[in-house]
1. Using only Cα atoms, find the angle between the long axis of helix B:68-81 and the longest principal axis of chain B, and express it within 0 to 90 degrees, rounded to the nearest 10.
2. If you take the beta carbon distance between residue B:46 and residue A:144 as r and set R0 to 25 Å, what does 1/(1 + (r/R0)^6) give as a FRET efficiency, to the nearest 0.05?
3. Show me, for segment A:60-74, the HN-Hα J-couplings you get by feeding each phi into the Karplus relation (A = 6.51, B = -1.76, C = 1.60, θ = phi - 60°), rounded to Hz, glycine and proline as x.
4. Using the Cα gyration tensor of chain B, with a ≥ b ≥ c the square roots of its eigenvalues, what is the shape: rounded (a/c below 1.5), prolate (a/b larger than b/c) or oblate (neither)?
5. So for the pair residue B:76, residue B:15, with labels modelled 7 Å out along Cα→Cβ, what separation do we get in nm?
6. Modelled label-to-label distance, residue B:103 and residue B:5, 7 Å Cα→beta-carbon offset: nm?
7. By counting other Cβ atoms within 10 Å of each Cβ, how are A:60, A:129 ranked from fewest to most?
8. Please state the shape class of segment A:41-149: rounded when a/c is under 1.5, otherwise prolate if a/b exceeds b/c and oblate if not, all from the C-alpha gyration tensor.
Amino acid sequence: MSDRTAGVPVRLDPRGPRFAALLTTLVLLLVLATGSGVLLACQALVFALGAVLGLRSSPYGWLFRWLVRPRLGPPRDLEDERPPRFAQAVGLGFAVIGAAGYLSGATWLGIAASAAALAAAFSNAAFGYCLGCEVYLLAIRGRARLSQG
Amino acid sequence: MSDPTGLIVAVAVLAAATAFGPARARSGGRLRTGGRGDASRLLPAELGAALGERATLVQFSTSRCAACPGTRRLLADVAAVTPGVRLVEIDAETRLDLVRRLDVMRTPTVFVLDRTGRVVRRASGAPARADVVAAVQLATTD
């Protein structure tokens with residue numbers, strides 16, 4: 001994932017990613033209830049937009065700014081965009097695998113990947129706990145180990 | 001779709017996350033006794049900074065860590081009000097050697113060192129202020 005904003009991190013209203021996590025939780029619940037690979041593919045697209053263009057450019061970020069943000073007071077402080085943006089990329093990975101599972105008939109794979117994504121989205125929405133962010137250091141450690149051979 | 005498996009899994013995930021989420025948030029950041037062997041001491045040369053006169057707070061962070069800025073503010077504040085205590089922040093991405101040696105698995109991870117660089121306490125996850133203050137007291141009275 002490239003950092004085009006290197007040096008000047010974009011800062012967000014932290015309630016934005018939290019609201020996005022809530023919508024993601026609802027969509028993933030619907031995916032698991034209906035087994036719809038198409039719906040999960042749509043969620044994958046939302047994750048991709050958030051990871052590539054930034055959370056404010058994702059549809060959920062857009063909804064937050066136009067529907068939710070005007071009803072709230074100003075944020076107490078802003079947070080760095082990079083952690084939640086990285087988490088969107090992690091979510092994208094699970095959503096792509098899950099959608100591939102559902103659409104190819106490997107329903108168990110679709111359920112497993114959706115369940116993992118649901119755990120992360122729900123933890124964020126309910127407790128403000130960014131599970132995807134936790135993966136970052138582990139991923140770097142693993143990558144360094146691989147490159148060492 | 002009449003197969004209820006997905007729905008059952010969804011309910012199980014929500015129940016598990018509700019049960020473990022708050023518990024993990026609480027246990028995360030609890031200060032434990034320092035590591036043994038290789039993980040028991042940090043030297044100024046490794047830190048790339050001098051130790052505090054009485055104690056040193058070492059925080060491992062990454063740029064994708066949501067809780068790191070808050071922990072940095074807390075530790076900087078404790079260091080500012082406690083004479084002889086210094087905060088050193090380490091970018092885990094560029095110091096994977098230290099990350100491995102000290103077995104850092106998540107960020108923020110905080111080490112409380114005494115004046116000789118011995119690890120007195122460590123916390124993986126964001127610690128509470130009272131715990132940090134208590135650990136600093138322990139490090140400075142040993």
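Bear in mind these aren't lab numbers, they're just calculated from the coordinates by the rules spelled out. Fair warning: this is a prediction, and the values are worked out from it, not measured in the lab. Every residue, glycine as well, gets a Cβ built from its backbone with ideal geometry; the counts of neighbours run over all protein chains shown.
1. 30 degrees
2. Working: r = 18 Å, r/R0 = 0.70.
For R0 = 25 Å, the calculated efficiency reads 0.90.
3. Working through the residues one at a time gives 5, x, 5, 4, 4, 5, 8, 10, 9, 3, x, 8, 9, x, x Hz.
4. On the way: a/c = 2.61, a/b = 2.15, b/c = 1.21.
Since a/c reaches 1.5 and a/b is larger than b/c, the shape of chain B is classed as prolate.
5. The answer from the label model is 4.5 nm.
6. Calculated label separation equals 3.8 nm.
7. On the way: A:60 25, A:129 22.
Fewest-to-most ranking of A:60, A:129: A:129, A:60.
8. Values: a/c = 2.07, a/b = 1.32, b/c = 1.57.
Oblate shape, in that a/c is at least 1.5 and b/c is the bigger or equal ratio.
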